[in-house]
Amino acid sequence: MAVGIILEKRRLRRLANAREGESICTFARSIGAKKLDTHVVRAVYEELGKILGTSGSKFPLRPTDQLYETSGLNLDPDDLDELLVAIAFRSQRSLENTESNPYYDKVKTVADLVQFVMAQPVMPNA
(Lines give C-alpha, C1' and ligand atoms only; values in the text may rest on other atoms or scores of the structure.)
Protein backbone atom coordinates (compact mmCIF):
# COMPACT_ATOMS: atom_id res chain seq x y z
CA MET A 1 0.00 0.00 0.00
CA ALA A 2 2.72 2.50 0.96
CA VAL A 3 4.66 1.68 -2.21
CA GLY A 4 1.56 2.35 -4.29
CA ILE A 5 1.11 5.76 -2.66
CA ILE A 6 4.73 6.68 -3.30
CA LEU A 7 4.51 5.58 -6.93
CA GLU A 8 1.27 7.55 -7.42
CA LYS A 9 2.83 10.70 -5.95
CA ARG A 10 5.79 10.31 -8.30
CA ARG A 11 3.48 9.83 -11.29
CA LEU A 12 1.54 12.97 -10.42
CA ARG A 13 4.76 14.92 -9.86
CA ARG A 14 6.00 13.89 -13.33
CA LEU A 15 2.67 14.92 -14.83
CA ALA A 16 2.84 18.29 -13.04
CA ASN A 17 6.42 18.83 -14.21
CA ALA A 18 5.34 18.17 -17.80
CA ARG A 19 2.84 21.02 -17.37
CA GLU A 20 5.37 23.52 -16.08
CA GLY A 21 4.26 27.06 -16.81
CA GLU A 22 0.55 26.20 -16.85
CA SER A 23 -1.56 28.06 -14.33
CA ILE A 24 -5.11 28.96 -13.47
CA CYS A 25 -4.96 31.46 -16.36
CA THR A 26 -4.17 28.66 -18.80
CA PHE A 27 -6.95 26.57 -17.28
CA ALA A 28 -9.49 29.40 -17.40
CA ARG A 29 -8.76 30.18 -21.06
CA SER A 30 -9.02 26.53 -22.08
CA ILE A 31 -12.31 26.00 -20.26
CA GLY A 32 -13.88 29.21 -21.58
CA ALA A 33 -14.20 30.94 -18.23
CA LYS A 34 -15.70 34.08 -19.78
CA LYS A 35 -18.96 32.15 -20.10
CA LEU A 36 -18.70 30.65 -16.60
CA ASP A 37 -18.80 31.89 -13.03
CA THR A 38 -15.15 32.65 -12.30
CA HIS A 39 -15.70 31.88 -8.61
CA VAL A 40 -16.59 28.29 -9.56
CA VAL A 41 -13.66 27.97 -11.96
CA ARG A 42 -11.22 29.26 -9.33
CA ALA A 43 -12.68 27.12 -6.53
CA VAL A 44 -12.46 23.92 -8.60
CA TYR A 45 -8.93 24.68 -9.80
CA GLU A 46 -7.57 25.65 -6.40
CA GLU A 47 -9.29 23.01 -4.27
CA LEU A 48 -8.41 20.16 -6.63
CA GLY A 49 -4.92 21.57 -7.11
CA LYS A 50 -4.34 21.62 -3.35
CA ILE A 51 -5.05 17.95 -2.82
CA LEU A 52 -3.03 16.88 -5.86
CA GLY A 53 -0.08 19.23 -5.38
CA THR A 54 3.19 18.36 -3.74
CA SER A 55 5.54 20.37 -1.58
CA GLY A 56 3.06 23.21 -1.21
CA SER A 57 2.67 23.75 -4.95
CA LYS A 58 -0.67 23.41 -6.65
CA PHE A 59 -1.18 20.86 -9.36
CA PRO A 60 -1.67 22.39 -12.84
CA LEU A 61 -5.05 21.08 -13.97
CA ARG A 62 -6.53 20.81 -17.43
CA PRO A 63 -10.28 20.70 -18.15
CA THR A 64 -9.86 17.33 -19.87
CA ASP A 65 -8.17 15.65 -16.91
CA GLN A 66 -10.00 12.45 -16.02
CA LEU A 67 -10.89 12.47 -12.32
CA TYR A 68 -11.07 8.75 -11.60
CA GLU A 69 -8.91 7.09 -14.27
CA THR A 70 -5.59 5.67 -13.09
CA SER A 71 -3.93 7.37 -16.05
CA GLY A 72 -5.63 10.62 -15.03
CA LEU A 73 -5.92 12.16 -11.58
CA ASN A 74 -6.88 8.84 -9.97
CA LEU A 75 -9.16 10.36 -7.33
CA ASP A 76 -11.27 8.35 -4.94
CA PRO A 77 -14.96 9.26 -5.46
CA ASP A 78 -15.34 9.66 -1.69
CA ASP A 79 -12.55 12.25 -1.68
CA LEU A 80 -14.34 14.14 -4.41
CA ASP A 81 -17.53 14.23 -2.34
CA GLU A 82 -15.60 15.94 0.49
CA LEU A 83 -13.90 18.26 -1.96
CA LEU A 84 -17.25 19.24 -3.45
CA VAL A 85 -18.30 20.68 -0.08
CA ALA A 86 -15.26 22.99 -0.07
CA ILE A 87 -15.80 23.98 -3.70
CA ALA A 88 -19.49 24.74 -3.12
CA PHE A 89 -18.70 26.79 -0.02
CA ARG A 90 -16.05 28.86 -1.82
CA SER A 91 -18.23 29.47 -4.85
CA GLN A 92 -21.36 30.06 -2.75
CA ARG A 93 -23.33 27.26 -4.37
CA SER A 94 -25.91 25.06 -2.67
CA LEU A 95 -25.51 21.30 -2.55
CA GLU A 96 -29.20 20.67 -2.07
CA ASN A 97 -31.00 18.47 -4.59
CA THR A 98 -27.83 17.42 -6.41
CA GLU A 99 -29.77 14.47 -7.85
CA SER A 100 -31.74 16.91 -10.02
CA ASN A 101 -28.53 18.40 -11.44
CA PRO A 102 -28.19 17.45 -15.14
CA TYR A 103 -24.54 16.53 -14.47
CA TYR A 104 -25.38 14.28 -11.51
CA ASP A 105 -23.52 10.98 -11.82
CA LYS A 106 -21.89 12.20 -15.06
CA VAL A 107 -18.83 13.96 -13.65
CA LYS A 108 -15.77 12.34 -15.18
CA THR A 109 -13.45 15.25 -15.99
CA VAL A 110 -12.43 18.50 -14.33
CA ALA A 111 -14.61 20.38 -16.85
CA ASP A 112 -17.57 18.18 -15.87
CA LEU A 113 -16.98 19.12 -12.23
CA VAL A 114 -17.04 22.82 -13.12
CA GLN A 115 -20.30 22.30 -15.04
CA PHE A 116 -21.82 20.32 -12.15
CA VAL A 117 -21.09 23.09 -9.65
CA MET A 118 -22.29 25.75 -12.13
CA ALA A 119 -25.62 23.92 -12.40
CA GLN A 120 -26.18 24.10 -8.64
CA PRO A 121 -28.18 27.09 -7.38
CA VAL A 122 -26.39 30.09 -5.93
CA MET A 123 -26.84 30.37 -2.17
CA PRO A 124 -29.28 33.03 -1.00
CA ASN A 125 -27.51 36.18 0.22
CA ALA A 126 -24.47 35.37 -1.92
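A Cβ distance below 9 Å, combined with a sequence gap of six or more or placement on separate chains, defines the contacts here; from the stretch 90-101, residues that are among the aliphatic types (A, V, I, L, M) reach residues that are assigned to a loop (DSSP other than H, G, I, E, B) in the pairs Leu95/Gln120. Here the condition is being assigned to a loop (DSSP other than H, G, I, E, B) and either within 30 Å of Leu7 (Cβ to Cβ) or of a type in the set (A, V, I, L, M) (or both); of Leu80, Leu48, Leu113, Leu95, it holds for Leu95 alone. Only residues that are modelled with pLDDT of 90 or more and basic (Lys, Arg) were counted across the stretch 36-52, and they come to 1. For the stretch 58-65, the condition of being within 16 Å of Asp112 (Cβ to Cβ) and without any contact (Cβ under 8 Å) to a residue 40 or more places away in the chain holds for none of the residues.
Kindly indicate whether Thr70 is of a type in the set (Val, Ile, Thr), modelled with pLDDT under 90 and surrounded by 12 or more Cβ atoms within 10 Å (Cβ to Cβ). In short, no.
Residues in the stretch 17-35 that are at pLDDT 90 or above and either surrounded by 13 or more Cβ atoms within 10 Å (Cβ to Cβ) or part of a loop (DSSP other than H, G, I, E, B) (or both): Arg19, Glu20, Gly21, Glu22, Ser23, Ile24, Thr26, Phe27, Ala28, Ser30, Ile31.
Looking across the stretch 52-81 at every residue that is among the charged types (D, E, K, R) and over 12 Å from the mean Cα position of the chain (by Cα), the one that is nearest to Ala28 (Cα to Cα) is identified as Glu69.
Restricting attention to the stretch 82-126, the residues being at positive phi and under 11 Å from the mean Cα position of the chain (by Cα) number 0. Within the stretch 98-110, the set of residues being outside any loop (DSSP other than H, G, I, E, B) and surrounded by 15 or more Cβ atoms within 10 Å (Cβ to Cβ) comprises Thr98, Thr109, Val110.
Any residue that is surrounded by fewer than 16 Cβ atoms within 10 Å (Cβ to Cβ), in contact (Cβ under 8 Å) with a residue 12 or more places away in the chain, touching a Phe, Trp or Tyr at 6+ places or on another chain (Cβ under 8 Å) and within 30 Å of Ile6 (Cα to Cα) - is there at least one of those in the stretch 118-126? No, the conditions are met nowhere in the stretch 118-126.
The values are calculated or read from the model by the stated rules, or taken from the named source; none is laboratory data. The structure displayed is predicted, hence computed values, not measured ones. Here the Cβ is made from the backbone with ideal geometry for all residues, glycine too, and neighbour counts use every protein chain on show.
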